[in-house]
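Data first, discussion second: the structure below is written as structure tokens.
The values are calculated or read from the model by the stated rules, or taken from the named source; none is laboratory data. Here the structure is a predicted model, which means the values were calculated and not measured. In this analysis, Cβ positions are derived from the backbone assuming ideal geometry, glycine residues included, and neighbour counts consider all displayed protein chains.
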Amino acid sequence: MKKKAKYLNEILLLVVAIIWGSGFIASKIALNAGATPILMLVLRFLTASVILSIVFYKHLKLISKEDIFGGFIVGLFLFLGFIFQTIGIKYTTPSKNAFLTGVNVIIVPFICWFIYKKKPSIKSFLSTFICLIGIGLLTLDTTIGFNIGDLLTLICAVFFALHIVSNGYFSKKIHPINLTILQMYFAFIFSFLSFFLFEGSINIQLNATAILSILYLGIFSTSISFFIQTYAQNKVHANKTALLLSTESLFGSIFSVILLGELLTPKLILGCIIIFLAILISELN
């Protein structure tokens, strides 16, 4: 029974990765329609906060001070991951930004090792490095040297890794609904403040295409996805969580081929196969 529950939660994390993969398309459409990157963060976290508050309004009065602390930590790491990724993409290529963000899959085991004082297995290290190779094949299409954008994106990978570890840690202490709501609240607050800091304007003009894309991001890629992640991480180790969530690049590539008509290259196919191989290795005993 426990094994079935474990596999169910792993499948749920794969569902999150699929939704996030489709989110790449929605983000691209919103940006092309005139939305700025930080404005998208503000609106997606605002949308998620409102929806979760309405759906789970009974949980709001059950939130404790300990819950708020956990939500603050997890929400802060989530915001920092997104903001460094958003600023970093201005100074590097989208492909390198996607690849370096995926580096979080090899950072998570070391953070867990430091916190829990338990060395990850050889299988865990092997599967994460193989997965990183697959992500590289899916995303990298340039040999441009290392720049400030790459550094900022690497910092974002560290914060996304910290978000995965802290989310798994606090999900065992805080009700998943409370933790999801609170991290959305704090991520929205931090995004709202950074919007005025970096963009300094409240003149928001968005067309219907941008609004619909941002609503998709807020509803599916944020409120639903992060709730599923928080719920599933209660039963899945952070190392496995990072590996499964890293497949968002795989599903993003698949959606790009299907919806945007991008070319299906041998390199893309090989990258998909290698990522699935990494997941298979992580499951084998």
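Show me the helices (runs of 4 or more DSSP H) entirely contained within the range 1-75 in which 2 or more residues are within 22 Å of the chain's Cα centre (by Cα). Full working, then the answer.
Details: elements: 2-32, 37-55, 57-60.
Counting at least 2 such residues, we get 2-32, 37-55.
Just to check your reading of the model, which residue among Ile174, Ile164, Ile204 is touching a residue at least 24 places away in the same chain (Cβ under 8 Å), crowded, with 21+ Cβ neighbours inside 10 Å and over 17 Å from the mean Cα position of the chain (by Cα)? Walk me through it before giving the result.
Details: Ile164 fails: over 17 Å from the mean Cα position of the chain (by Cα); Ile204 fails: crowded, with 21+ Cβ neighbours inside 10 Å.
Unique residue meeting the criteria: Ile174.
Please work out which residue is modelled with the lowest pLDDT, limiting yourself to the range 198-216 and to residues that are under 11 Å from Gly34 (Cα atoms) and not small (Gly, Ala, Ser).
Per the stated criteria, the residue is Ile204.
Can you go through Ile164, Ile144, Ile174, Ile133 and tell me which one is more than 18 Å from Glu248 (Cβ to Cβ) and either assigned to a helix (DSSP H, G or I) or at pLDDT below 85 (or both)? Break it down into steps so the answer makes sense when it comes.
On the way: Ile164 fails: more than 18 Å from Glu248 (Cβ to Cβ); Ile174 fails: either assigned to a helix (DSSP H, G or I) or at pLDDT below 85 (or both); Ile133 fails: more than 18 Å from Glu248 (Cβ to Cβ).
Only one candidate passes the filter, namely Ile144.
Tell me the residue from Ile111, Ile83 that is touching a Leu at 6+ places or on another chain (Cβ under 8 Å), surrounded by 21 or more Cβ atoms within 10 Å (Cβ to Cβ), part of a helix (DSSP H, G or I) and not small (Gly, Ala, Ser), please.
On the way: Ile111 fails: surrounded by 21 or more Cβ atoms within 10 Å (Cβ to Cβ).
Residue meeting the stated conditions: Ile83.
Going through the range 238-285 one residue at a time, which ones are under 26 Å from Val74 (Cα atoms) and charged (D, E, K, R)?
Hits for the range 238-285 are Lys240, Glu248.
When both residues are 6+ apart or on different chains and their Cβ atoms are under 7 Å apart, which pairs have a first residue that lies in the range 68-97 and is modelled with pLDDT under 75, and a second that is part of a helix (DSSP H, G or I) and among the acidic types (Asp, Glu)?
Note: pairs meeting the criteria are Thr92/Asp150; Lys96/Asp150.
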